[in-house]
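Have a look at the structure below before the remarks.
The values are calculated or read from the model by the stated rules, or taken from the named source; none is laboratory data. On a predicted model such as this, the values are computed, not experimentally measured, just so you know. Note that we place each Cβ from the backbone using ideal geometry, even for glycine, and neighbour counts take in every protein chain shown. Remember, those area values only see protein heavy atoms, side chains included, never the ligands or the DNA or RNA. Shrake-Rupley method; radii C 1.70, N 1.55, O 1.52, S 1.80 Å.
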Amino acid sequence: MIGIPTLSKKYRPARDEFELEELGNQLFVAQEEGAEIFLTVWGMDEQVRGRIINMDPRTRQVHIESCGDTLKVPYLDIMKVESLKD
């Protein structure tokens, strides 16, 4: 019996170099300023809110401190960065 192939998992949307460079710049500025940010992360239902405490180039993860906990988010899973405006 031949069926229609289905994808068992969803794939992260592809982004070009310009989008990834702009995202990296936003993350770098947020880290330098110590600003609190919202991150839209692929595969997560809710946005992540916190401050960037480290960006590890070896593992390609961004370390976010939120409510006393540290969350490690893969750089390529970050879809959008929003700054909190006080």
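Among the residues of the stretch 24-63, how many are in a loop (DSSP other than H, G, I, E, B) and closer than 24 Å to LYS10 by Cα?
Selection size over the stretch 24-63: 8.
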**Asked** Can you pull out the residues in the stretch 65-85 that are under 18 Å from VAL29 (Cβ atoms), within 11 Å of the chain's Cα centre (by Cα) and open to solvent by 80 Å² or more (accessible area, probe 1.4 Å)?
**Response** LYS80
**Single residue of the stretch 26-64 satisfying the filter (loosely packed, with under 11 Cβ neighbours inside 10 Å and not charged (D, E, K, R)) that is farthest from VAL81 (Cα to Cα)** = PRO57
**Request:** Would you mind stating whether GLY34 is small (Gly, Ala, Ser) and touching a Cys at 6+ places or on another chain (Cβ under 9 Å)?
**Result:** no
